[in-house]
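Structure first, then comments.
The values are calculated or read from the model by the stated rules, or taken from the named source; none is laboratory data. Keep in mind that what you see is a predicted model, and the values were worked out from it rather than measured. Ideal geometry is used to build each Cβ from the backbone, glycine not excepted, and the neighbour counts take in all protein chains shown. Protein only, heavy atoms only, side chains kept; ligands, DNA and RNA dropped before computing areas. Shrake-Rupley method; radii C 1.70, N 1.55, O 1.52, S 1.80 Å.
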Amino acid sequence: MASSRAAIGLLVAASSLAVALSDGGSSGPEYGYAAGSADGPENWGKLSPAYKMCGQGKHQSPIDIVTKQAVPNPNLDSLTRTYAAANATLVNDGHDITLKFDGKVGTITVSGKVYSFEKLHWHSPSDHTINGQRFPLELHLVHKSADGAVAVIGILYQLGAPDSFYYQLKSKLGEMAGDKCNFAEEESHVEAGLIHLRSLQKRTGSYFRYTGSLTAPPCTENVVWNVLGKVRQISKEQLRLLEAPLPGSDARPTQPLNDRTVQFYNPPNSTISFQM
Ligand SMILES: *[C@@H]1O[C@H](CO)[C@@H](O)[C@H](O)[C@H]1NC(C)=O
Ligand SMILES: *[C@@H]1O[C@H](CO)[C@@H](O)[C@H](O)[C@H]1NC(C)=O
């Protein structure tokens, strides 16, 4: 249902203050994805002082990952994770669709620091590119530490067989597509019920690691990125369900790597979808 942002703020505050405080999405001005428009990605940094990193940051995301330049590092964390089923809410803020979880779902450990899984969202087409190739969809599993640091697992999708994870969201996404709201003032919320995450917690396998930023305003830096080396499949119908509630694409252009290095973790017996 469509609900005003103010009312949602109160509801969220009552159930989970941490989420309300850390979720900067609706606190700044509107921004868009149309290249060259006044509120487009090139101008995000000028829309608000709160968004200045989008324009000035030197360690921004997404990037183009050049596989031949990735530096193998067998000592990175395995990112082993177990996610419990949890009740969730689908939220459409007019930019992207997020699935927010109630309560504790699971954690990952990066360099000894524990990050709790908080929400997931999609970008269509993908934010990250690999050797210049953009994919139809990218899923971000967003994890946050007690001190507010962010670690994201990014999963790229190509068109192919349906992914069983999305069966449980089908009717809710359909409902969301029918919910017409004025996104400048409100967002669309649909209760998704109990969501099982088993299919998203399979052995992490190989991944590309670099330090970047949130891919949407406020473009906050020091985000630990982990883009999986195995591309998953999703059906055309499932992709259409994820795109239907949105006004358009929500992928940010890739950003300069500057002085950063992309590392590559490739444990035994893991699948990698790219020429390395
Ligand atoms: C999910 O919500 C239902 C209905 O409110 C509740 O009965 C159930 O215990 C919740 N499950 C979890 C895992 O929180
Ligand atoms: C890798 O796969 C081989 C063949 O299936 C198996 O014998 C080996 O134990 C596996 N190694 C690891 C580290 O899982």
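A few comments on the model shown:
- Tallying residues that are over 14 Å from Leu228 (Cβ atoms), of a type outside the set (Val, Ile, Thr) and either under 22 Å from the mean Cα position of the chain (by Cα) or within 14 Å of ligand 2 (Cβ to nearest atom) (or both) within the range 261-276 yields 2.
- Residues that are closer than 25 Å to Ser78 by Cβ and β-branched (Val, Ile, Thr), drawn from the range 109-162: Thr109, Val110, Val114, Ile130, Val142, Val150, Val152, Ile153, Ile155
- All positions within the range 194-203 that are touching a residue at least 24 places away in the same chain (Cβ under 8 Å) and either within 16 Å of ligand 2 (Cβ to nearest atom) or open to solvent by 30 Å² or more (accessible area, probe 1.4 Å) (or both): Leu194, His196, Arg198, Gln201, Arg203
- Residues located in the range 143-167, provided they are farther than 14 Å from Val223 by Cβ and crowded, with 16+ Cβ neighbours inside 10 Å: Ile155, Leu156, Tyr157, Asp163, Phe165, Tyr166
- Verdict on Lys230 being within 16 Å of ligand 2 (Cβ to nearest atom) and within 18 Å of His123 (Cα to Cα): yes
- Exactly one residue among Pro253, Pro247 is surrounded by fewer than 17 Cβ atoms within 10 Å (Cβ to Cβ) and either within 16 Å of ligand 1 (Cβ to nearest atom) or farther than 30 Å from Glu175 by Cβ (or both), and that residue is Pro253.
- Any chance Tyr210 is in contact with a strand residue (DSSP E or B) (Cβ under 8 Å, 6 or more places away or on another chain), among the aromatic types (Phe, Trp, Tyr), open to solvent by less than 70 Å² (accessible area, probe 1.4 Å) and over 20 Å from Arg260 (Cα atoms): no
- Residue check: Met176 meets all listed conditions (1) assigned to a loop (DSSP other than H, G, I, E, B); (2) out of contact with any His (no Cβ under 8 Å at 6 or more places or on another chain); (3) in contact (Cβ under 8 Å) with a residue 40 or more places away in the chain but one, namely (1).
- Scanning the range 194-211 turns up one or more residues that are β-branched (Val, Ile, Thr) and modelled with pLDDT under 95.
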